[in-house]
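**Q** Here it is, the structure in full.
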Amino acid sequence: MSRGGRHDAIVIGAGVAGSAIAMGLAERGLHTLAVDIDLSGRLSSSEKNAGGVRATWWQRVNIALCRASIEYYESIRDEVGFRQKGYLWLYDQATFSQAMEHIPLQRELGHRIETLTPVEVSRRVPEIDRLEGIAGATFSPGDGLINPNLLKEHYRCRAIAAGAEFMDRTYVMSIDAGAAGVRLECWQSDDPLTDAGLVRMMTQDGPGEAETGRISDLRADAIAIAGGAWSPSALRLLQLRNWSKPIRRQICLVDSRATSLSQYGMIVDTSGVYFHNEGPHILAGYSPPDEPPGYHFKYDGEQFFAGEIWPRLYNRMSCMERLRHVTGWAGLYEVSPDRSAIIGMAAPRVYEAHSFSGRGVMQSYGAGQALAELIADGRYCKFDASALSRDRFERGEQVWEELHI
């Protein structure tokens, strides 16, 4: 369908979640358009995460959506670089007892998970030779690592094959959702924007005098807001409450000549540092609990590595003594009050899937299918995300997730 015509659905935001929604809608026969200010995703969380995929969660809906996504990733593993080498999660005394309480639910939902003693942890990963503070661990062999960019492109290719369109360099200036449908007034830039221009546009008041472009009028029966950390821009146009905050997350690549972790998957330490092998290097991340909210993309470099990453890795593994910082980057989590996604109908004809709180890639297929069901059929069928609707906050029925890194 032409850009000037009416669509069944328009998806605002075409990162990994938005692209998954577009695929789900198009494959259900809906004329679908996805718009994004930058389809390359230079500042998108889809491009700046650690690539972990796990169903090791404590809430039923999060386990189920991740399980559904993992089953799909297994079917396309070579195309999206899905490596099922498991998640090894180390717990201190306080969290280990809580983790054990959730094992029955995880197993009930089909999630394979083992429990390990500290000695068994060291036997499985001999590099972990300092066991102080470890009360126990879990290992989930079906979890693993994925290439987020390849996954996003997979969704887009399937969406396009089913008739969906993608519109780049497009900023939504106004949204009017009424009984007759939804009207979007959009501005499309003539040229790609700089990173600074993207941040200013999405957090302030739209295009400035330095950019040139054209105005277009788009109409649809329904829209889906899936802009990740940038979703507040669209929510504000609809006068919908934004519940979430953008939080910077930093990741670094380090070099260790003393060891290789290539035979392992993701490892999460009791200190909160998480790491896995990444080509010839080790990828490691840590989320300081006092990180202030905001659209901050500055990577702190050697200071972050020396102050946050190296001490935690060396405290757990003596082989990490001579780590060398290589490079790194910063991206955003969009964190909700209970650290679970917001998915569902936000208002008549307005749907949403955002605020994944670091879970966007690992839940993208399940969430995309769930929202597509809700839009196309008016109800959830195979994929039920009803527990993640925005009104849970007002009802006091939060879906709190503890295993947040």
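The numbers here are math on the coordinates, done by the rules we state, and not lab data. On a predicted model such as this, the values are computed, not experimentally measured, just so you know. Using ideal geometry, Cβ is built from the backbone for each residue, glycine included, and neighbour counts are taken over all protein chains shown.
**Q** Can you give me the relative contact order of the chain as a percent, contacts being Cα pairs under 8 Å and 6 or more apart? The partial results should precede the final answer.
**A** Working: 921 pairs, mean separation 94.9, N = 405.
Relative contact order, the chain: 23 percent.
**Q** OK, next. If Lys and Arg each add +1 and Asp and Glu each add -1, what is the summed charge of the other residues whose beta carbon sits under 15 Å from the beta carbon of Val254?
**A** Working: positive: Arg257, Arg312, Arg316, Arg322, Arg324; negative: Glu127, Asp255, Asp269, Glu278, Asp300, Glu302, Glu308, Glu321.
Here the charged neighbours net out to -3.
**Q** With the cut-off at 25 Å, tell me which of the pairs Lys85/Lys382; Lys48/Lys85; Lys85/Lys152 have Cα atoms farther apart than that. Don't skip to the end; give the middle numbers.
**A** Working: Lys85/Lys382 28 Å; Lys48/Lys85 21 Å; Lys85/Lys152 21 Å.
From Lys85/Lys382; Lys48/Lys85; Lys85/Lys152, over 25 Å: Lys85/Lys382.
**Q** Would you grab the residues whose amide H sits under 5 Å from the one on Gly328? Only those 5+ places off in sequence or on another chain, please, with H modelled 1.01 Å from N.
**A** Placed amide hydrogens put Leu253 under 5 Å from Gly328.
**Q** Follow-up question, since we're still on this one. With no solvent and one point on each alpha carbon, what is the Debye value of log10 I(q)/I(0) for segment 222-298 at q = 0.18, 0.20, 0.25 Å⁻¹?
**A** The Debye formula, applied to the Cα set alone, gives -0.84, -0.92, -1.13.
**Q** Would you look at the GNM of the chain, springs on alpha carbons closer than 10 Å, and say which of Arg124, Arg339, Arg219 moves the most?
**A** Among Arg124, Arg339, Arg219, the largest GNM mean-square fluctuation belongs to Arg124.
**Q** Sticking with this one: Compute a Gaussian network model of the chain, connecting alpha carbons closer than 10 Å, and tell me which residue from Asn147, Asn242, Asn49 fluctuates the most.
**A** In the Gaussian network model the winner is Asn242.
**Q** Can I get the semi-axes of segment 1-88's equivalent ellipsoid? Compute them from the C-alpha gyration tensor as square roots of 5 times the eigenvalues, in angstrom, largest first. Write down the numbers at each step before the final one.
**A** On the way: eigenvalues 159, 51, 32 Å².
Working through the eigenvalues yields semi-axes of 28, 16, 13 Å.
**Q** What number do you get for segment 58-149 when its Cα radius of gyration is normalised by 2.2 N^0.38 Å, N = residues? Walk me through the numbers before you get to the answer.
**A** Values: Rg = 14.5 Å, N = 92, 2.2 N^0.38 = 12.3 Å.
In units of the globular-protein estimate, segment 58-149 measures up at 1.18.
**Q** Which residue fluctuates the most in the chain, going by a Gaussian network model with Cα springs under 10 Å, if the choices are Leu240, Leu184, Leu43?
**A** Answer for the Gaussian network model of the chain: Leu240.
**Q** Computed over the Cα atoms, what is the radius of gyration of the chain divided by 2.2 N^0.38 Å, N being its residue count?
**A** On the way: Rg = 21.2 Å, N = 405, 2.2 N^0.38 = 21.5 Å.
Taking N as the residue count of the chain, the ratio is 0.98.
**Q** For every other residue with a beta carbon closer than 12 angstrom to the beta carbon of Ser244, add +1 if it is Lys or Arg and -1 if Asp or Glu, then tell me the sum.
**A** Residues close to Ser244 contribute a combined charge of +1.
**Q** Only helical DSSP H runs with n ≥ 4 go in: add -39500 (n - 2.57) per run for the chain, normalise by residue count and round the 222 nm mean residue ellipticity to 500 deg cm²/dmol.
**A** Numbers: 11 runs with 113 residues, N = 405.
Taking each H run of at least 4 residues, the total per residue is -8500 deg cm²/dmol.
**Q** To the nearest 20 debye, what is the magnitude of the charge dipole of segment 118-240 about its Cα centre, counting +1 on the Cβ of each Lys and Arg and -1 on the Cβ of each Asp and Glu? All intermediate terms of the calculation are to be shown ahead of the outcome.
**A** Values: 12 positive and 18 negative charges, 71 e Å.
Magnitude of the dipole: close to 340 debye.
**Q** Treating the beta-carbon of each Lys and Arg as +1 and of each Asp and Glu as -1, no other charges, what is the dipole magnitude of the chain about its Cα centre, to the nearest 20 debye? Don't skip to the answer; put the middle values down first.
**A** Numbers: 43 positive and 51 negative charges, 78 e Å.
For this selection, approximately 380 debye.
**Q** Over the Cα atoms of segment 273-358, compute the convex hull volume and normalise it per residue, giving Å³.
**A** Values: hull volume 12.0 nm³, N = 86.
Each residue corresponds to 139 Å³ of Cα convex hull volume.
**Q** Something else now. Once the dipole of segment 253-337 is set up with Lys and Arg at +1 and Asp and Glu at -1 on Cβ about the Cα centre, which of Val268, Ala330, Phe297 lies farthest towards its positive end?
**A** In segment 253-337, that residue is Val268.
**Q** Related question: Report, ordered by chain and residue number, the aspartates and glutamates lying within cross-link reach of Lys245, taken as a straight Cα distance under 13 Å and ignoring same-chain residues fewer than 8 apart.
**A** Partners within reach: Glu291, Glu334, Asp338.
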